[in-house]
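The values are calculated or read from the model by the stated rules, or taken from the named source; none is laboratory data. This structure is a prediction, so every number in the text was calculated from the model and none was measured. Neighbour counts run over all protein chains shown; Cβ positions are idealised from the backbone, glycine included.
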Amino acid sequence: MPKILTVTSPSLPPLEEYLPYLEKIWASRTLTNGGPFHQELESALAELLGVEHLSLFTNGTVALVTALQALRVTGEVITTPYSFVATSHSLLWNGLKPVFVDIDPKTFNIDPALIEQAITPATTAILPVHCYGIPCDVIAIQKIADIYGIKVIYDAAHAFGVKLHGRSILNFGDLSVMSFHATKVFNTFEGGAIICQDRKTKERIDYLKNFGFADEVTVVAPGINGKMNEMQAALGLVQLSRVSEQMRAREAIYKRYCEAFEGVPGLSVAAVPEGVEWNWSYYPLLIDSDMFGASRDDVYERLKAQGVYARRYFFPLISEFPMYRGCVGASECANAYEASRKIICLPMYPHLEESDQTEVIRALLTIAKGAHSYLSMIGEE
Ligand SMILES: *Cc1c(COP(=O)(O)O)cnc(C)c1O
């Protein structure tokens, strides 16, 4: 059995780089509650990402739940079924009703042309996702939000470092929510953040993540404990120094896959639109079973048998899970359904070794119709 290759693998700088940070934490005994590393990471991230106001969180899901609280969202929220369950779970945790709208089959993001018809008097917000870090049609979405007077909260868990026409994608909408989970482009083991557009909103978010405390004796809202601790922040500071180098490594891996699969019938990769500075976060490969000669699920199983643990991001759709089946729009998302049956994400992380990537390519091309001709192209026959 060859070694197991997973779809993501966390980037970890050498252990000795963390030690000075740990020594400082041990010396100061400041473990959490907005300590020096928390402050430092907040400013460093805001600067690197090109945003004005950023609040760190203990994870992305608590950040999503808090973001909806921060804007006092009520009633119905329009969202996409093509995402990780945490997107919609954050609505249920707030007692809100998800209304599912289909995706654009090119970008895998919510289709703005379908949003308007899903709006009712109870709609107060839209919760789109920049899926795979590919930007949503932020201009069209904002236009609708402005006309109807509703809020926009982006689930930007995949969108670390993504820019649209030179501007951070996190600056669109009322709020953007990030995840720094181990599987993401930038990680603090577990972690997250909310990006907002003004100081007053940041203040409210910071109260909410600390039980609602505005000062020692004043509680202004039924807040939660969403604080990032000093250990997480220190992990983030060490990561941060590597992130641009890691992004370049991802780009090279992405391009190598593209070269290997070029001209193979039935394989295509999600296209990143013009004007986007992307983060190379995933390699979402679309498999057309007739042309390729095997279905996506066959490919998934056969790769697994070879030690390549690719992932079906996102399958099943959120709207297929029992708690969402009855929601408005749950059974009307044909493009999302198709994507969930055709896409497989291949191993994609900065330290993926060239020989291992060759192994993934070989394992996949072996499954293709006329496999021998492709394998000879990569020098495997
Ligand atoms: C990872 C992820 C989340 C959840 O973030 P956590 O930090 O793991 O809680 C939410 N939405 C999407 C789209 C994600 O990929």
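For the reader, a short list of remarks on this structure follows.
- Extreme residue, surrounded by the fewest Cβ atoms within 10 Å (Cβ to Cβ), among residues of region 151-192 that are under 17 Å from T80 (Cβ atoms) and of a type in the set (S, T, Y): Y154
- One residue stands out among those in region 85-97 that are surrounded by 24 or more Cβ atoms within 10 Å (Cβ to Cβ) and within 9 Å of the ligand (Cβ to nearest atom): the one that is farthest from the chain's Cα centre (by Cα), which is S90.
Yes/no per residue for (1) in the same structural domain as G161 (by TED's automatic domain parsing); (2) assigned to a helix (DSSP H, G or I):
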| position | (1), (2) |
| --- | --- |
| M231 | yes, yes |
| G236 | yes, yes |
| I253 | no, yes |
| G263 | no, no |
| A271 | no, no |
| E274 | no, no |
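- Hits in region 98-140 - residues which are away from the ligand (no atom under 16 Å from the Cβ) and in a helix (DSSP H, G or I): P112, A113, L114, E116, Q117, A118, V138, I139, A140
- Checking R242 against (1) surrounded by fewer than 16 Cβ atoms within 10 Å (Cβ to Cβ); (2) modelled with pLDDT under 95; (3) charged (D, E, K, R), the condition it does not meet: (1)
- Members of region 170-188 found to be free of Cβ contacts under 8 Å to residues at least 60 places away in the same chain, within 16 Å of the ligand (Cβ to nearest atom) and hydrophobic (A, V, I, L, M, F, W, C), listed by number: F186
- Of all residues in region 206-230 being of a type in the set (A, V, I, L, M, F, W, C) and within 16 Å of the ligand (Cβ to nearest atom), the one that is surrounded by the most Cβ atoms within 10 Å (Cβ to Cβ): M228
- For region 144-152, the count of residues that are closer than 25 Å to L208 by Cα, at pLDDT 95 or above and charged (D, E, K, R) is at least one.
- From the options S55, S83, S43, residue that is in the same structural domain as A157 (by TED's automatic domain parsing), among the small types (G, A, S) and under 30 Å from E320 (Cα atoms): S83
- The listed residue being within 22 Å of R325 (Cα to Cα), surrounded by fewer than 22 Cβ atoms within 10 Å (Cβ to Cβ) and touching a residue at least 12 places away in the same chain (Cβ under 8 Å), out of I126, I110, I119: I119
- K143 being assigned by TED's automatic domain parsing to the domain that holds L48, touching a helix residue (DSSP H, G or I) at 6+ places or on another chain (Cβ under 9 Å), more than 16 Å from the ligand (Cβ to nearest atom) and not hydrophobic (A, V, I, L, M, F, W, C): yes
- When residues in region 153-169 are screened for being more than 8 Å from the ligand (Cβ to nearest atom) and charged (D, E, K, R), 2 of them pass.
- Scanning region 292-319 for residues being in contact (Cβ under 8 Å) with a residue 60 or more places away in the chain and more than 15 Å from A270 (Cβ to Cβ) gives a total of 14.
- Positions within region 250-264 being out of contact with any helix residue (DSSP H, G or I) (no Cβ under 7 Å at 6 or more places or on another chain) and among the basic types (K, R), in sequence order: R250, K255
- For region 56-84, the set of residues classified as more than 14 Å from the ligand (Cβ to nearest atom) and either out of contact with any helix residue (DSSP H, G or I) (no Cβ under 7 Å at 6 or more places or on another chain) or within 19 Å of Q232 (Cβ to Cβ) (or both) consists of L71, R72, V73, T74, G75, E76, listed by residue number.
- Matching entry among M228, M247 (being touching a helix residue (DSSP H, G or I) at 6+ places or on another chain (Cβ under 7 Å) and modelled with pLDDT of 95 or more): M228
- Failed item, numbered, when C258 is tested on (1) more than 16 Å from the ligand (Cβ to nearest atom); (2) in a helix (DSSP H, G or I); (3) of a type in the set (A, V, I, L, M, F, W, C); (4) buried (at least 17 other Cβ atoms within 10 Å of the Cβ): (4)
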